[in-house]
Amino acid sequence: MLDLALVWSDHVLCQLWPNRTNSRVAKSPAKMMSSESAEQTMAQAADQSDTLRNLPLPNSKSAAAIATQLRQAIMDGVYVDGERLPAERQLAVALSSSRTTVRVALRILEDSKLVNRRVGSGTFVTFRPETGDDDVAEVTSPLELVEVRIAVEPHMVRLATLHATLRDLDRIDEALNALEAPGISAEAFTRDDRTFHQAIADATRNPLMISVYRQINHVRGHRQWNAMKDKVLNEASIADYNKDHRALYDALRARDADQAVAVIDRHLDAARRQLSAVRGGT
Ligand SMILES: [Zn+2]
């Protein structure tokens, strides 16, 4: 299976992570920043089913809680620098909240310098990791990225089989269900694959592993991979990759570490071989 890792989306990524809090979020009054017509345009332009399918309900409907979820998604590399967030209308529906509350949440993110709101265009991520991730993303090839994943993920899935909570497994299941949506686009698959593998990283309960995998996802989200996605993802390859995803989830749920490692080995090896073929022009 060609892993989504290979593919980098310029577009909307939507899995939100509700499990952390952010003490840095500022308090800010609501302020209308975009016009109704701009919202309508954005809503029409976006692929609603892809964009919203994977959004879990927040623990709270407060603006601060929504801002925290969005912030975490940005930190996790679900949304990358320069990427447009879903429209207010879409976020409000997905989060069972009001547009006013969503607008306040976006304002909080703007005050935190995580996004920039442009009237008539939408809300764009402006977060750049301070660790030089972007520089690394610029110079890391898809093949080099897979090499790192091959080094990291087998032990990562082993740890996940040991430490995943039931809630972790449910989150992995949610991401898997999104990946298995009929007719999923290459873009959505790319996004949801990052979410799926990050959920496994989170299930290790190892803060450094979680952080390392976020860095990997930042590299995966780099725009240079956008073209690669169309070369390696099609209905057949997505189906193959999803067989691995399902098998990996089953192994995690069964706490079968050896099986989980075997699945991730073949998952990444398939990605490596497919990338090598693309690079070689075959
Ligand atoms: Zn995958």
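The values are calculated or read from the model by the stated rules, or taken from the named source; none is laboratory data. Computed from a predicted structure; not experimentally measured. Positions of Cβ are generated from backbone atoms using ideal geometry, with glycine treated the same way; all protein chains shown enter the neighbour counts.
Before moving on, here are some points about what is shown:
- Residue 171 vs. criteria charged (D, E, K, R), within 10 Å of the ligand (Cβ to nearest atom) and buried (at least 23 other Cβ atoms within 10 Å of the Cβ): no
- Cβ-Cβ under 8 Å pairs, at least 6 apart or on other chains, the range 231-246 side on the phi < 0 side of the Ramachandran plot, far side within 11 Å of the ligand (Cβ to nearest atom) and aromatic (Phe, Trp, Tyr): 233/189; 238/189; 241/189; 245/196
- Matching residues, the range 234-251, being within 13 Å of the ligand (Cβ to nearest atom) and crowded, with 18+ Cβ neighbours inside 10 Å: 237, 238, 241, 242, 244, 245, 248, 249
- The single condition from (1) among the basic types (Lys, Arg); (2) within 15 Å of the ligand (Cβ to nearest atom); (3) crowded, with 17+ Cβ neighbours inside 10 Å that residue 214 fails is (2).
- Answer from 265, 269, 244, 258 - the residue that is assigned to a helix (DSSP H, G or I) and out of contact with any helix residue (DSSP H, G or I) (no Cβ under 8 Å at 6 or more places or on another chain): 258
- Answer residue from the range 192-205, given it is of a type outside the set (D, E, K, R) and either part of a helix (DSSP H, G or I) or surrounded by fewer than 17 Cβ atoms within 10 Å (Cβ to Cβ) (or both) and is farthest from the ligand (Cβ to nearest atom) among those: 203
- A single entry from 227, 270 fulfils the requirement of being closer than 21 Å to residue 138 by Cβ and modelled with pLDDT under 95: 227.
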